[in-house]
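Heads up: the structure comes next, in structure tokens.
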């Protein structure tokens, strides 16, 4: 719903290849045109941000003659509150929420604050479309074409409710307008059928009289459902009591920016992108939130959050191990919700590790769920993945290849450092898990630990290289195993940043090389990955230009390891400055202003930052 057409569109072309050897930067973060087969000219995917900045109207209930005073408050999960006034003297509390039935409720509680009767105008704008989402395209698979789109609007005889059907999708959106809980007419709305977006479809502006010191609540309830026939009704409308509209305080210390970041990112994940949970960082945030839930939320909110967390965490494991298809034996880098791979058989080594690492984390958090964990281990998925990984091992070097980096960028040499760190850590954790639960894989645990030791040894043998420009040893980014290598570090390479705290380095020499590598990574010497030239300078990626909040996170993590409080505070200051108004983070930001320039709602950096906040000694 709510897709907007793009004024300009480009034809699809194959994404550029990441080539750090020749300084070539790929830009894969792009938008999909409305028809699902072309790319938007706005290559940074900022269409929704532009709507906000340009104050473009969305769809649904609109109040007319809005004044200059506006405040936005995100007080509860699945709810946003806007407080504003009208030029005629009304105070409006506008609450948008999603209830337990999956209904989107827009409710405006309007109070006449004057001593005279006032008129308030309102309208229902149906600038929307019922169609499948156009999946963002980051990789070579190309856009997934949208089904044909036809929006057929039908208004009921009493003009108090409507239904919009898309016969090609087999789904419908129904809606009803009410005034103080009583169905209200949708004046001026008539039946219409159009291909694509329902532009210019709305009720005429109506005016309601409100006596002095009196109030009225106008509400619009929307429900998206499968099938073409309306299979529910609006007999039970949401509560119209203004005291119930957005006044909950479920989180402790709500006044702090730390709490705001944690709760907004947790709520965003649980309410918007829980199935499937796409990154291990997101998964980790949910586990840590559950572990520290008593200290994070109020007693009244504890049961609700605990239930949602348990359902989401277990549901993700069931999805990734039993629903996500593996036609080529390995997990693909991108899926649609049905479990079908979105893209072709591009092999990413890190993607094979995260689900198994999540399984280990799950048992650590849920020790009573040994039967469920054993069910996954006995399903042969784990052994099939491990067999596939080992089958690709290079016999000459003992290293493990990947087609792409964690940033979906094609490699010029087959072996990638941070993926090897992650593989080592996963093998160690998986060996411990198998020792801890009753399973027929007991003999496998010792072999996994032995393989992990080999991975660490071979990795350090081939990736430790003397930098001829500086004379000290660093860790290469990519190697071919026979002397060719690249020096680079990327905002996506989180395992490298964690390598020291995970215990990957066994000697002082190795650890010193890591210090050199991270210092290089977080400086202008890392010319392809580091963005300078402004107060928001920091580590980014060839994947999307500009500093990344993920880079600020790595800088904060590294400063913490080195005991540099000043550097840690400086990184945190940029994190807060780059935070969006709703507590979430984008992929990349402008180096001078900190404004989001790519992927406005990107759950990965918010999850990493929120996890660091929960896990910090200060929070405890």
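Before moving on, here are some points about what is shown:
- Residue match in the range 431-438 (condition: part of a loop (DSSP other than H, G, I, E, B) and over 26 Å from residue 556 (Cβ atoms)): yes
- Taken over the range 562-571, the residue count meeting the criterion of being touching a helix residue (DSSP H, G or I) at 6+ places or on another chain (Cβ under 6 Å) and either part of a loop (DSSP other than H, G, I, E, B) or buried (at least 20 other Cβ atoms within 10 Å of the Cβ) (or both) is 1.
- Among the residues of the range 511-545, just one is buried (at least 20 other Cβ atoms within 10 Å of the Cβ), more than 20 Å from residue 571 (Cα to Cα) and without any contact (Cβ under 8 Å) to a residue 60 or more places away in the chain, namely 513.
- Some residue of the range 365-374 being buried (at least 20 other Cβ atoms within 10 Å of the Cβ) and in contact with a helix residue (DSSP H, G or I) (Cβ under 6 Å, 6 or more places away or on another chain): yes
- Residue match in the range 205-215 (condition: in contact with a helix residue (DSSP H, G or I) (Cβ under 8 Å, 6 or more places away or on another chain), within 22 Å of residue 112 (Cα to Cα) and assigned to a strand (DSSP E or B)): yes
- Complete set of residues in the range 268-299 that are farther than 14 Å from residue 615 by Cβ, part of a helix (DSSP H, G or I) and modelled with pLDDT under 90: 268, 269, 270, 271, 272, 280, 282, 283
- For the range 387-406, the candidate set comprises residues that are in contact (Cβ under 8 Å) with a residue 60 or more places away in the chain and buried (at least 18 other Cβ atoms within 10 Å of the Cβ); within that set, the residue that is farthest from residue 483 (Cα to Cα) is 406.
- Residue 146 being over 30 Å from residue 116 (Cα atoms), in contact (Cβ under 8 Å) with a residue 40 or more places away in the chain, out of contact with any strand residue (DSSP E or B) (no Cβ under 8 Å at 6 or more places or on another chain) and surrounded by 15 or more Cβ atoms within 10 Å (Cβ to Cβ): yes
- Residue that is surrounded by fewer than 18 Cβ atoms within 10 Å (Cβ to Cβ), over 28 Å from residue 612 (Cβ atoms), touching a strand residue (DSSP E or B) at 6+ places or on another chain (Cβ under 6 Å) and modelled with pLDDT under 95, where the choices are 466, 473: 466
- Some residue of the range 484-494 being assigned to a helix (DSSP H, G or I) and within 25 Å of the chain's Cα centre (by Cα): yes
- Checklist (1) on the phi > 0 side of the Ramachandran plot; (2) in contact (Cβ under 8 Å) with a residue 24 or more places away in the chain applied to residue 471, failing item: (2)
- Single match in 347, 362 (criterion: under 28 Å from residue 491 (Cα atoms) and part of a helix (DSSP H, G or I)): 362
- Residue 84 meets the conditions (1) farther than 22 Å from residue 210 by Cα; (2) buried (at least 18 other Cβ atoms within 10 Å of the Cβ) in every case but one. The failed one is (1).
- Unique residue being over 21 Å from the mean Cα position of the chain (by Cα), under 30 Å from residue 260 (Cβ atoms) and at pLDDT 90 or above when the list is 329, 303: 303
- Note on the range 327-341: residues that are buried (at least 17 other Cβ atoms within 10 Å of the Cβ) and out of contact with any helix residue (DSSP H, G or I) (no Cβ under 6 Å at 6 or more places or on another chain) amount to 4.
- If you go through the range 572-596 and keep only what is surrounded by 16 or more Cβ atoms within 10 Å (Cβ to Cβ), out of contact with any strand residue (DSSP E or B) (no Cβ under 8 Å at 6 or more places or on another chain) and not in a loop (DSSP other than H, G, I, E, B), you end up with 572, 575.
- Residue count, the range 476-510 (criterion: without any contact (Cβ under 8 Å) to a residue 12 or more places away in the chain and touching a strand residue (DSSP E or B) at 6+ places or on another chain (Cβ under 8 Å)): 0
- Qualifying residue in the range 368-381 (condition: in a loop (DSSP other than H, G, I, E, B), in contact with a strand residue (DSSP E or B) (Cβ under 6 Å, 6 or more places away or on another chain) and free of Cβ contacts under 8 Å to residues at least 40 places away in the same chain): no
- Test for residue 443: is it modelled with pLDDT of 95 or more, part of a helix (DSSP H, G or I) and at negative phi: no
The values are calculated or read from the model by the stated rules, or taken from the named source; none is laboratory data. Since the model is a prediction, treat every value here as computed from it, not as a measurement. For neighbour counting, all protein chains shown are included, and Cβ atoms are generated from backbone atoms with ideal geometry for every residue, glycine included.
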